[in-house]
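> Mind having a look at this structure? Questions to follow.
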Number of protein chains: 2
Amino acid sequence: MIKPRTPAGVLELLPREQIVFQRMLDGIRATFESFGFLPVETPVFELSDVLLTKTGGETERQVYFAQSTGALEKQEAGMPEMALRFDLTVPLARYVAEHEHDLAFPFRRYQMQRVYRGERAQRGRFREFYQCDIDVIGKDALSPRYDAEIPAIIHAVFEKLAIGEFTIQFNHRKLLRGFFEGLGIEGERQDLVLRELDKLDKRGEDAVRATLMEEGFELSADTADRLLAFSRVRSTGHADALAKLDALGAGTPQFEEGRQALRDTLGQLQAMGIPESRYAINLSIARGLDYYTGIVYETMLDAHPQIGSICSGGRYEDLASHYTKSKLPGVGISIGLSRLFWQLREAGALAMTAGGVDVLVALLDDDGFADALALSQRLRTAGWKVETQMEARKIAKQFQYADKAGIRVVVLRGENERGNDQVTLKDLRNGEQQTVALEQLEPALHAILGSGK
Amino acid sequence: MIKPRTPAGVLELLPREQIVFQRMLDGIRATFESFGFLPVETPVFELSDVLLTKTGGETERQVYFAQSTGALEKQEAGMPEMALRFDLTVPLARYVAEHEHDLAFPFRRYQMQRVYRGERAQRGRFREFYQCDIDVIGKDALSPRYDAEIPAIIHAVFEKLAIGEFTIQFNHRKLLRGFFEGLGIEGERQDLVLRELDKLDKRGEDAVRATLMEEGFELSADTADRLLAFSRVRSTGHADALAKLDALGAGTPQFEEGRQALRDTLGQLQAMGIPESRYAINLSIARGLDYYTGIVYETMLDAHPQIGSICSGGRYEDLASHYTKSKLPGVGISIGLSRLFWQLREAGALAMTAGGVDVLVALLDDDGFADALALSQRLRTAGWKVETQMEARKIAKQFQYADKAGIRVVVLRGENERGNDQVTLKDLRNGEQQTVALEQLEPALHAILGSGK
């Protein structure tokens, strides 16, 4: 006998949780589709030389390789032939480069699949987790207006998920780099400062300020203070965002370009009818990756700031330079759904009451079996999720099973009901039982279950 | 520059194909749920000692192992710690055994995920493919009535997928083994004969007959002929199925048990209103696996017999004996969706016209940008999938893009339309263009697109 267990670092759910997770996946997908994004799925494994174009780095240390039994047996030195995807961005780059001539640009794709990283085992850190990504990829160029569409999509997603109030925050790399320029911080030092400011949430202002004045940075106390003051800028409401941008004073051409881009984004969000409480500028957002070149986004749950950003992304210059000579600029976001689900569950912020099955058609006596089957089919045709009790058992046992399985309503027809063209419904949530004429079954069920089929 | 490409043996789709595939997945899932099945997803990798409880065999030769970079570096002799699932049945066994006390039995689960097998590279053979499985698992016992529910579910699935006429065929292991008994074939010889009969489709009657009379079998010509005559029994319609079962003559107790089970199944299908053209008995169905102990199913597309069975399964005695002492009998089926999709596509039997995006809101001049954004949001709220043209370009270019992207309708408001509270719609399928009052937009769109949101 072998102990049944999963590897460390995976999130396996019980059915009642999986139903909630699936509903979140469905909601995200429906929203992505409503904005005209097209589905892509890629294989879980890619050829190692294709996936790992960039050598070294933390990501590569975390890659999982896949090997068939045969390959394992005759394994030679070096890297196995295939590796599991560690994000959805590299597969997207490979996909767009490979299928470039079959795609219409700007190419709007969504992808919702699991990715794999050999993270150190730790509570809430997963080695297998869902990412839900969208990207808009242009050929040669992509209008900055797409940058401003993204927060509208984030807004629609989290309205749909209904997991509480949230704020979409954004900043602009050109505003940041322009500000650095203005302070005389140039070249590689900009990247160092960017990465340091990205740690503000984790390390706190004092620690970051001290580091900025140390070796490698050597900024003056005054410069460090200005950087910190800049990164403290956060807006409350639409007019305040514009006012705070105005109040930053004049800057370098790059700075002004970033500022104008943020103003345009704000205007576009207003034109799309996004409530002003849902978005804000936050000049502390840096996003560690060098990758981003324009707007950068983070999304916070107002009631759960400790969770950190639940949806992040930004604008990049060139998606697939490793695979094609075509220039493919883009903008995109990613939702790490497994982690979000886990954290909301930990915080008690997910209602797990969603029943997967609407109705159990009970069976009181074997003479009623054909009737129960026909009744079940009738309710399925009407759109409900229906399980049939296959063996006549004590009705108390059947109620008990339905309750444990999370089924909301039990429908039954004993000899009496069958003789009188009637049917009995029991609502397990409040225990109420009613007997109605058979043709009244659907309206009666509808009254209990609502339209939430 | 690295050539962007996927590993051999994977099925990667273009967006217009992925939309069709996703619609099939959605249809299967909705049907499984309508019969009260609950969702389960398991990790792509399992611990190798858990996954590979049965030693040896063809399956194990095809297993993929997963290793992190760290594990690869310090790899010792022997099996890597983790392996990719090669079906959904072993993960289900592990899941049910692991979570036994949190589940309500009979446990009805569906699972639709990809599985991995190191198959030899060959057209239409995939190393990564979707399986869509349902199983009903009982604790200690499971009524045979669940066996008869399964064909009703298969029926509902393929009605929903609308990929053509199909026939669900079934046989019963007890009928088969009882018939062997009657011919004096006992013990292990039954398994050999079962496996040989399973090859009838591939090898043909003459070759199988010859083998049955060879060493290892040593059946008489008469016995071989009777086996072949038995395996030729196929019914057409409900009454014919019953008559053909009656015509088999008396048999051993096991034979009679199998015959009665098939009669019960036929009766139950009739009670569920399944059209009799959709099901038949086919006594040649053996299903190679020793695993099955009762009813066995196969499903054929009437117009594409060369595809073989598109949905197969059966009843088994004990799901998880490797992981738990609890006896867990069950019945289930599996649809190999990637292979089915590929074969239907090869046969030209899939309409790829399903557009992912309903509407492109065009942009004629920058003054109309805010209006186009608001219009797009309005149509999304009404339930359509809408993309917004972000930059004013020649309208011909916009039509061209919409056409290439598979978008059905272009909606536009130039200066004239904006001045007159009007809007213009162009149906790209027939080129028809109309200008209507703005408040008539939704009804006009509905007339073109129908309710297929």
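Please treat every number below as a calculation from the coordinates, not as lab data. These numbers come from a predicted model, not from an experiment. Using ideal geometry, Cβ is built from the backbone for each residue, glycine included, and neighbour counts are taken over all protein chains shown.
> State whether the stretch A:91-168 is rounded, prolate or oblate according to the following rule on the C-alpha gyration tensor (a ≥ b ≥ c being the square roots of its eigenvalues): a/c under 1.5 gives rounded; otherwise a/b larger than b/c gives prolate, and the remaining case gives oblate.
oblate
> If you don't mind, another one. Within a 10 angstrom radius of each residue's Cβ in B:401-407, how many Cβ atoms of other chains show up on average? Whole number is fine.
3
> Can you list residues from other chains, or at least 5 along the same chain, whose modelled amide H is less than 5 Å from the amide H of B:Ile295?
Correct list: B:Arg173, B:Arg315.
> May I pose another question? Would you kindly derive the ³J(HN,Hα) couplings of the stretch A:363-372 from the backbone phi angles with the Karplus curve 6.51 cos²θ - 1.76 cosθ + 1.60 (θ = phi - 60°), listing them in order in whole Hz, with x for Gly and Pro?
9, 8, 8, 4, 4, x, 5, 4, 5, 5
> So how far apart, in nm, are the two label points at B:Tyr291 and B:His99 if each is 7 Å from Cα heading toward Cβ?
A separation of 2.0 nm, rounded to one decimal place.
> Restricting things to alpha carbons, tell me how big the protein assembly as shown is in terms of Rg and Dmax, in Å.
Rg, Dmax (Cα atoms, Å): 30.8, 103.
> Can you bin every Cα-Cα distance in the stretch A:143-287 into 5 Å intervals starting at zero and give me the percent of pairs per bin, rounded to whole numbers?
2, 9, 19, 20, 18, 14, 9, 6, 2, 0
> If amide hydrogens are placed 1.01 Å from N in the peptide plane, which non-local residues have theirs closer than 5 Å to the one on A:Lys385?
Those lying under 5 Å, H to H, from A:Lys385 are A:Asp358, A:Val359.
> Still on this model: Using a 10 Å cut-off around each Cβ, can you sort A:Leu283, A:Leu197 from fewest to most neighbouring Cβ atoms?
Least crowded to most crowded, the residues run A:Leu197, A:Leu283.
> Charges only on Cβ, +1 for Lys and Arg, -1 for Asp and Glu: so what's the dipole of chain A about the Cα centre, in debye to the nearest 20?
It comes to approximately 680 debye.
> If I model a spin label at B:Glu60 and B:Gln400 as a point 7 Å from the Cα along the Cα→Cβ vector, what separation in nanometres do I get?
Once both label points are built, they end up 6.1 nm from each other.
> Something else: If you rank A:Asp371, B:Asp246 by fewest surrounding Cβ atoms within 10 Å, what's the result?
B:Asp246, A:Asp371
> May I pose another question? What does the net charge come to around A:Glu119 if you take all other residues with beta carbon closer than 9 Å to its beta carbon, with K and R at +1 and D and E at -1?
+4
> Now for a different question. Quick check: from the Cα gyration tensor, does the stretch A:359-449 come out rounded (a/c under 1.5), prolate or oblate?
In terms of gyration-tensor shape, rounded.
> Would you mind calculating the relative contact order of the stretch B:1-150 from Cα pairs under 8 angstrom and at least 6 residues apart, reporting the percent as a whole number?
28 percent
> Let me ask you something else. For B:Gln306 and B:Met213, compute 0.36 nm times the residue count separating them, minus their Cα-Cα distance, and round to one decimal in nm.
The span from B:Gln306 to B:Met213 would gain 30.7 nm if fully extended.
> How would B:Ser376, A:Ser334 line up from fewest to most surrounding beta-carbon atoms within 10 angstrom?
A:Ser334, B:Ser376
> Write down, largest first, the equivalent ellipsoid semi-axes of chain A in whole Å, where each equals the square root of 5 times an eigenvalue of the alpha-carbon gyration tensor.
51, 28, 21
> Cα-Cα over 22 Å: which of A:Lys397/A:Lys426; B:Lys199/B:Lys327; A:Lys160/A:Lys404?
Going by Cα-Cα distance, B:Lys199/B:Lys327; A:Lys160/A:Lys404 fall outside the 22 Å limit.
> Taking R0 as 45 Å, what's the FRET efficiency between A:Glu442 and B:Ser220 from their Cβ-Cβ distance, rounded to 0.05?
0.15
> Counting other C-beta atoms within 10 Å, and keeping those with at most 14, which DSSP coil GluC sites (Glu not before Pro) do you find in the stretch A:197-292?
Passing both the DSSP loop test and the Cβ count: A:Glu214, A:Glu215, A:Glu218.
> Could you run the Karplus curve 6.51 cos²θ - 1.76 cosθ + 1.60 with θ = phi - 60° over the stretch B:34-43 and give me ³J(HN,Hα) per residue in whole Hz, x for Gly and Pro?
Karplus values, whole Hz, x for Gly and Pro: 5, 9, x, 8, 9, x, 9, 10, 10, x.
> While we're on this one: Please list, in order, the residues from the stretch B:301-335 whose amide nitrogen is less than 13 Å from a point placed 7 Å along the Cα→Cβ vector of B:Asp264.
No residue qualifies, since no backbone N sits under 13 Å from the label point.
> With a ≥ b ≥ c taken as the square roots of the eigenvalues of the C-alpha gyration tensor of the stretch B:44-140, please select rounded if a/c is under 1.5 and otherwise prolate if a/b is larger than b/c or oblate if it is not?
oblate
> Would you compute, from DSSP H runs of 4+ residues alone, the mean residue ellipticity of chain A at 222 nm, taking -39500 (n - 2.57) per run and dividing by the full residue count, rounded to the nearest 500?
Computed ellipticity for chain A at 222 nm equals -11500 deg cm²/dmol.
> Is there a quick way to get the dipole size of the protein assembly as shown? I mean about its Cα centre, with the Cβ of Lys and Arg at +1 and of Asp and Glu at -1; what is the value in debye to the nearest 20?
I would put it at about 20 debye.
> Still on this structure, please answer the following. How far apart, in nanometres, would the label points at A:Asp206 and A:Glu188 be if each is projected 7 angstrom from Cα along the Cα-to-Cβ direction?
Each label point lies 7 Å from its Cα, and together they span 3.2 nm.
> Considering only DSSP states other than H, G, I, E and B, which trypsin sites (Lys or Arg not before Pro) in the stretch B:63-129 qualify as loop sites with at most 15 other Cβ atoms within 10 Å?
Passing both the DSSP loop test and the Cβ count: B:Lys74, B:Arg120, B:Arg123.
> Apply the Karplus parameterisation 6.51 cos²θ - 1.76 cosθ + 1.60, with θ equal to phi minus 60°, to every residue of the stretch A:163-171 and state each ³J(HN,Hα) to the nearest whole Hz, in sequence, with x for glycine and proline.
10, x, 5, 8, 10, 8, 10, 9, 9
> Just counting partner chain Cβ atoms within 10 Å, what average do the residues of peptide B:266-279 show around their Cβ?
Taking the mean over all residues of the peptide, I get 2.
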